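**Q** Quick one: structure below, then a few questions.
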Amino acid sequence: MALDLADFLELFFVRRIVIPLGVAAAIGIGIYYLSGKTPTSAAVAFGIGIIGLVIGVIWHIAGGSKSGAA
């Protein structure tokens, strides 16, 4: 089975990835603006966003189909 572009893009609309990424992005943007829009705060905000993406991917991989689930 080949992985095409539609399957790859569908991965980014999975709730388990979007929720942590959205929360991390909101926190990162808040930190960026509250700390004075410096390059250091931009790097911290970017790091928080990456951490949110990683958490979402781990959550998606670990939350595979459960026995008895519909």
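**Q** Any idea how far apart ILE50 and ALA62 come out in nm if each label point goes 7 Å out from Cα toward Cβ?
**A** 2.1
**Q** For the ranges 15-26, 31-42, what's the packing order if you count other beta-carbon atoms within 10 Å of each residue, average per peptide, and put the highest first?
**A** Details: 15-26: 15.8, 31-42: 11.8.
Per-residue mean Cβ counts within 10 Å order the peptides as 15-26, 31-42.
**Q** What full-extension length gain, to one decimal in nm, is calculated for ILE31 and LEU5 as 0.36 nm per residue of separation minus the Cα-Cα distance?
**A** Numbers: separation 26, 0.36 × 26 = 9.36 nm, distance 3.37 nm.
Gain on stretching ILE31 to LEU5: 6.0 nm.
Computed from the coordinates by the stated procedures, all read-outs in this text should not be read as laboratory data. Being a predicted model, the structure only gives us computed values, none of them experimental. Heads up, the Cβs are rebuilt from the backbone with ideal geometry, glycines too, and the neighbour counts pull from every protein chain shown.
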